[in-house]
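Written below as structure tokens is the structure these notes are about.
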Amino acid sequence: MANLQEIINTDIAIIGGGIAGTSIARELSKYDISITVIEQKHGVGLEGTSTNHSLVCQGGDSLTFRPGTLHAELNIKSIPLWPKLSEELNFKFRRIGGLWLIRDNSDYKKFQKMVSRAFKSTLDPKSPLLIPEGSFSPLKFVDKKELKNLEPEISDNFLGALYDPNLATVDPPEVAKAYAENAKANGVDFLFNTKIKSIKREENKFELHTDNALIKSNIVINASGIEADRVAEIVKARDFSYVPLKGTLVEFDEELGKLINHETTILPRGSPHLQVVSPTVDNKLKAGIHLVMSFRSDKEVKDYAVNHAINVAKTLYPALRFENHITKSFVGFMAMTNPDTGWHDFVIANHEFVPNWINIVLGPAGVSASPMLGKKVVEILTKSGLILKEKSNYNPSIRKKVES
């Protein structure tokens, strides 16, 4: 840990040690520059990274994100990167597949449109979002009998499903830790238990005053998660807005986890709350998600939100006693841009009037896009004039502990 009087000089300071900050740090560690990650907690991935649904968008979900958005670009381009990444960094990556359940003809027609949009946008050889051959399996419709073969405990009320065999799951804190440990082994410095008190710009450098050290940096990457707007405001670099969306999920034990193999979900009708049950990498289940716009300080788990998750699970699997298998209930916050239109997009950009300051806001599907996030940041830095020289000794698999 840095002393109070210590002055740290670095080329790039990354604020935030979540999935965004650590994935960027890993990508930048390939280059001959000094990098410092500043995290106010005692380790990586302890805030929003640890409180999400843990899904990796691999199929129809990511393929139908609005064309032309960073949200779509980074998720789709990340699809073929995940398997190799999990091998390089030795973290768990589990293909579970997804089943979008069909209640009636209305659901069927919506899913037909979704499949049509997905394939038009990605299987055209001229498309910039083409998925490399072999990295993606086409979606298909399954009837009631096939659905029962895939999920024997599923309710008889469903007529079938749209089946996506690509959907996967990871443990996001484990992935963030893998990113961070590889970054550290390749020369990135991490400062934990370090809170930013103020930021000043002096002679084309940023001075980040923390409770442990003064950090002087040429470039700052604001990857502070749900606090990104507040951090950006310190230097008048907030040119974005989002709504803190509070989500409540419930986790169930392995006894139920061994009975359900796929993510199963119902399209919401007249409600913002998601109706989904999904396996985890460690053979448990997560269900929910009760969503509400709330103050980000409101981390209380409400009974009605927990009941929503239980009711969703029992609607999908009525014979199972979910209420007897709860391991934990928890809330998390995601930054939702454009909530009025429903077309969420990432924020990954240089600020127009604050040179060398990059804001990062991910929100929904941020974990899924993380393999491409650092590459996008490298693209931005290069276009801004920074000369990046690749290291000759970069190692994509070596790891070194980062805990404080």
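The values are calculated or read from the model by the stated rules, or taken from the named source; none is laboratory data. As the structure is a prediction and not an experimental result, all values here were calculated from the model. As a convention, Cβ positions derive from the backbone with ideal geometry for all residues, glycine included, and neighbour counts pool all protein chains shown. Just the protein is used for accessible areas: all its heavy atoms, side chains included, with ligands, DNA and RNA removed. Shrake-Rupley method; radii C 1.70, N 1.55, O 1.52, S 1.80 Å.
Take the conditions (1) modelled with pLDDT of 95 or more; (2) open to solvent by less than 40 Å² (accessible area, probe 1.4 Å); (3) within 23 Å of the chain's Cα centre (by Cα); residue 366 misses just one of them, which is (1). Applying the set (1) under 18 Å from residue 65 (Cβ atoms); (2) touching a residue at least 60 places away in the same chain (Cβ under 8 Å) to residue 395 leaves exactly one unmet item: (1). Candidates in the stretch 170-215 are the residues that are in contact with a His (Cβ under 8 Å, 6 or more places away or on another chain) and basic (Lys, Arg); of these, the one that is most open to solvent (accessible area, probe 1.4 Å) is 197.
Among the conditions (1) in contact with a helix residue (DSSP H, G or I) (Cβ under 8 Å, 6 or more places away or on another chain); (2) open to solvent by less than 40 Å² (accessible area, probe 1.4 Å), the only one that residue 291 does not satisfy is (1). The listed residues are 121, 137, and the only one of them that is touching a Pro at 6+ places or on another chain (Cβ under 8 Å), surrounded by fewer than 16 Cβ atoms within 10 Å (Cβ to Cβ) and in contact (Cβ under 8 Å) with a residue 12 or more places away in the chain turns out to be 137. May I ask you to list the residues in the stretch 323-339 that are open to solvent by 70 Å² or more (accessible area, probe 1.4 Å) and more than 17 Å from residue 287 (Cβ to Cβ)? Hit for the stretch 323-339 is 338, nothing else.
Find the residue count for the stretch 227-257, including only residues that are assigned to a strand (DSSP E or B) and either at pLDDT 95 or above or closer than 16 Å to residue 54 by Cβ (or both). Residues that pass the stated criteria total 6.
Residues of the stretch 140-160 that are among the hydrophobic types (A, V, I, L, M, F, W, C), assigned to a loop (DSSP other than H, G, I, E, B) and open to solvent by less than 40 Å² (accessible area, probe 1.4 Å): 154, 158. Taking the criterion of being under 19 Å from the mean Cα position of the chain (by Cα) and of a type in the set (Val, Ile, Thr), no residue of the stretch 293-320 qualifies.
Restricting attention to the stretch 377-404, the residues being β-branched (Val, Ile, Thr), closer than 27 Å to residue 73 by Cα and open to solvent by less than 70 Å² (accessible area, probe 1.4 Å) number 3.
So is residue 22 among the β-branched types (Val, Ile, Thr) and at pLDDT 90 or above or not? Here the answer is yes, as residue 22 does meet what is asked. For the stretch 76-94, name all the residues that are at pLDDT 90 or above, under 24 Å from residue 359 (Cβ atoms) and open to solvent by less than 40 Å² (accessible area, probe 1.4 Å). Matches in the stretch 76-94: 78 only.
Scanning the stretch 181-204 turns up no residue that is at pLDDT 95 or above, part of a helix (DSSP H, G or I) and within 27 Å of residue 68 (Cβ to Cβ).
Across the stretch 25-54, the number of residues qualifying as modelled with pLDDT under 95 and of a type in the set (Asp, Glu) comes to 1. Restricting the stretch 223-256 to residues that are buried (at least 20 other Cβ atoms within 10 Å of the Cβ) and more than 22 Å from the chain's Cα centre (by Cα) leaves a set whose member that is farthest from residue 316 (Cα to Cα) is 237.
Whether any residue in the stretch 123-131 is within 19 Å of residue 97 (Cα to Cα) and either charged (D, E, K, R) or not in a helix (DSSP H, G or I) (or both) is what I want to check. Looking for residues that are within 19 Å of residue 97 (Cα to Cα) and either charged (D, E, K, R) or not in a helix (DSSP H, G or I) (or both), one finds at least one in the stretch 123-131, hence yes. Taking into account only those residues within the stretch 258-272 that are in a loop (DSSP other than H, G, I, E, B) and open to solvent by less than 40 Å² (accessible area, probe 1.4 Å), which is farthest from residue 317 (Cα to Cα)? Among them, the one singled out is 262.
In the condition set (1) charged (D, E, K, R); (2) more than 18 Å from residue 48 (Cβ to Cβ); (3) surrounded by 21 or more Cβ atoms within 10 Å (Cβ to Cβ), residue 286 is compliant with all but (2). Among the residues of the stretch 255-275, write down those that are touching a residue at least 12 places away in the same chain (Cβ under 8 Å), farther than 20 Å from residue 335 by Cβ and in contact with a Leu (Cβ under 9 Å, 6 or more places away or on another chain). The answer is 256, 257, 259, 260, 261, 262, 263, 264, 265, 266, 267, 275.
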